[in-house]
Amino acid sequence: KSELQYKQSQFAGLVEKLLGKQGKKSNSILDLLKGLKDGSVQVDSATAAQAQQEISEDGYWGVKQTSDRLVEMAKALSGGDSDKADAMIAAMEKGFKQATKAFGGNLPDITRQTVDAATQKLNDWKASFNKVSEEE
């Protein structure tokens, strides 16, 4: 049990760092786009497009790829044991709350969407093992 608690704590810290990075990247890109719109920032169109791509749905800092990274970390820390999915989800929520607090209480919406997507993926992973067990 103490090993699981350690891994949950470790995962919460990883979530906090990853969501913090996602939040910072998202905010800086949104600030860049705002600056482009109001004319206070000048960048070439390729740079602006690359920045927007990074936080798009399929971008490196987007919901899909970031939630995939969270899920892979959770699975690795659980030792591939789907029975620990709920513990990893709880740790992810804890990390999200820590990141929110560290970010001054306000993270971009993309981070909540990422946690929700990762939670769904972990629940699906857990359910896939339950389904296999029921079929046996």
Exercise for review: Check whether at least one residue in region 56-63 is open to solvent by less than 70 Å² (accessible area, probe 1.4 Å), within 21 Å of Ala12 (Cβ to Cβ) and of a type in the set (A, V, I, L, M, F, W, C), and report yes or no.
Suggested key: yes
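Does region 68-91 include one or more residues that are touching a helix residue (DSSP H, G or I) at 6+ places or on another chain (Cβ under 6 Å), without any contact (Cβ under 8 Å) to a residue 40 or more places away in the chain and more than 15 Å from Lys121 (Cα to Cα)?
Scanning region 68-91 turns up no residue that is touching a helix residue (DSSP H, G or I) at 6+ places or on another chain (Cβ under 6 Å), without any contact (Cβ under 8 Å) to a residue 40 or more places away in the chain and more than 15 Å from Lys121 (Cα to Cα).
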Exercise for review: Go through region 10-29 and count every residue that is among the polar types (S, T, N, Q) and open to solvent by 70 Å² or more (accessible area, probe 1.4 Å).
Suggested key: 1
Check your understanding: What pairs come up if the first residue lies in region 94-120 and is of a type in the set (Ser, Thr, Tyr), the second is surrounded by fewer than 17 Cβ atoms within 10 Å (Cβ to Cβ) and in a loop (DSSP other than H, G, I, E, B), and their beta carbons are under 9 Å apart, counting only those six or more places apart or on different chains?
Key -> Thr100/Asn106
Exercise for review: Return a yes/no flag: does region 30-50 have any residue that is open to solvent by less than 50 Å² (accessible area, probe 1.4 Å), outside any loop (DSSP other than H, G, I, E, B), of a type outside the set (A, V, I, L, M, F, W, C) and in contact (Cβ under 8 Å) with a residue 60 or more places away in the chain.
Suggested key: no
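The values are calculated or read from the model by the stated rules, or taken from the named source; none is laboratory data. These numbers come from a predicted model, not from an experiment. So basically every Cβ, Gly included, is an ideal-geometry build from the backbone, and we count neighbours across all protein chains shown. The protein model used for the area step is the full one, side chains on, heavy atoms only, and it has no ligands, DNA or RNA in it. Shrake-Rupley method; radii C 1.70, N 1.55, O 1.52, S 1.80 Å.
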